[in-house]
Amino acid sequence: MIKFDKVNKVYPNGLHALKNVSLEINQGEFVAIIGLSGAGKSTLLRTINRMHDISEGSLIVNGQEIKNLKGKDLRTFRRKVGMVFQNFNLFPNMTVLDNITLAPMRLKKLSKEEANKKAEGLLDRVGLLDKKDSYPSQLSGGQKQRIAIARALAMEPDMMLFDEPTSALDPEMVKEVLDVIKELAKE
Ligand code: ADP
Ligand code: MG
């Protein structure tokens with residue numbers, strides 16, 4: 001599913017963030033990356049969905065070398081890789097339901113009815129169906145993160161990347177988000 005072979009990443013300012021990283025992750029595996037702040041965890045994750053280019057080495061994701069992907073091929077590839085960030089990145093001016101249906105309607109060309117139905121199923125799964133018409137500002141951090149997870153899942157990704165998904169949460173909200181992630185991992 002994911003294969004790093006001697007991957008190096010040097011940022012434009014010269015900072016050498018990934019040094020000869022080799023790593024293989026198979027389908028169905030659930031992997032956690034642990035390291036000090038600044039160790040390169042976010043950089044590593046962001047190379048997997050090509051938010052960042054790599055400088056050297058080979059990176060195969062979903063059976064495809066992604067190093068030189070461009071244009072339409074890159075956009076198609078990215079749809080298959082779900083990502084959840086520390087700070088949720090929900091669209092503040094849209095309801096929960098619209099946050100989730102936007103990408104499936106635009107990119108997968110689902111009708112509004114299809115997209116809504118699917119979003120409601122996902123909201124039910126993360127325990128937030130009653131919040132579908134709320135705006136992000138009306139939700140707790142834990143709820144926002146569960147919505148962000150549902151939004152990523154709505155694109156039916158082949159893999160999900162989580163970059164410190166609970167580190168911005170108050171301690172009492174960490175469990176509800178981890179429980180959702182654990183359920184996903186089991187599936
Ligand atoms: P982590 O997620 O493990 O805390 P990062 O991947 O964010 O680490 O950062 C790894 C190193 O790369 C750090 O030294 C950081 O300062 C540097 N870095 C991150 N992003 C950039 C960037 N856009 N330009 C230059 N250096 C960066
Ligand atoms: Mg980080």
Filter the range 54-92 for residues that are hydrophobic (A, V, I, L, M, F, W, C) and assigned to a loop (DSSP other than H, G, I, E, B); which is farthest from Val21 (Cα to Cα)?
-> Phe91
Residue pairs qualifying under the 7 Å Cβ cut-off, at least six apart or on distinct chains, with the first in the range 148-170 being among the hydroxyl-bearing types (Ser, Thr, Tyr) and the second being buried (at least 23 other Cβ atoms within 10 Å of the Cβ), are Thr166/Val177
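So that you can scan it fast, the table gives a plain yes or no per residue for (1) over 18 Å from the mean Cα position of the chain (by Cα); (2) assigned to a loop (DSSP other than H, G, I, E, B):
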| site | (1), (2) |
| --- | --- |
| Gly28 | no, yes |
| Ile34 | no, yes |
| Ala39 | yes, yes |
| Thr47 | no, no |
| His52 | no, yes |
Which of (1) of a type outside the set (Phe, Trp, Tyr); (2) under 28 Å from Ile34 (Cα atoms); (3) open to solvent by 20 Å² or more (accessible area, probe 1.4 Å) is the odd one out, the single condition Gln138 does not satisfy?
-> (2)
Would you mind telling me which numbered condition in (1) touching an Asp or Glu at 6+ places or on another chain (Cβ under 9 Å); (2) over 20 Å from Val177 (Cα atoms) Asp133 fails?
-> (1)
Got at least one residue in the range 38-49 being more than 16 Å from ligand 2 (Cβ to nearest atom) and open to solvent by 20 Å² or more (accessible area, probe 1.4 Å)?
-> no
Counted residues in the range 71-121 being within 30 Å of Asp53 (Cβ to Cβ) and open to solvent by less than 60 Å² (accessible area, probe 1.4 Å) come to 15
Which of the residues that make up the range 5-34 are polar (S, T, N, Q) and without any contact (Cβ under 8 Å) to a residue 12 or more places away in the chain?
-> Asn13
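The values are calculated or read from the model by the stated rules, or taken from the named source; none is laboratory data. In this text, all values refer to a predicted model and were calculated from it rather than measured experimentally. Using ideal geometry, Cβ is built from the backbone for each residue, glycine included, and neighbour counts are taken over all protein chains shown. Please note that ligands, DNA and RNA were not included when accessible areas were found on the heavy atoms of the full protein model with its side chains. Shrake-Rupley method; radii C 1.70, N 1.55, O 1.52, S 1.80 Å.
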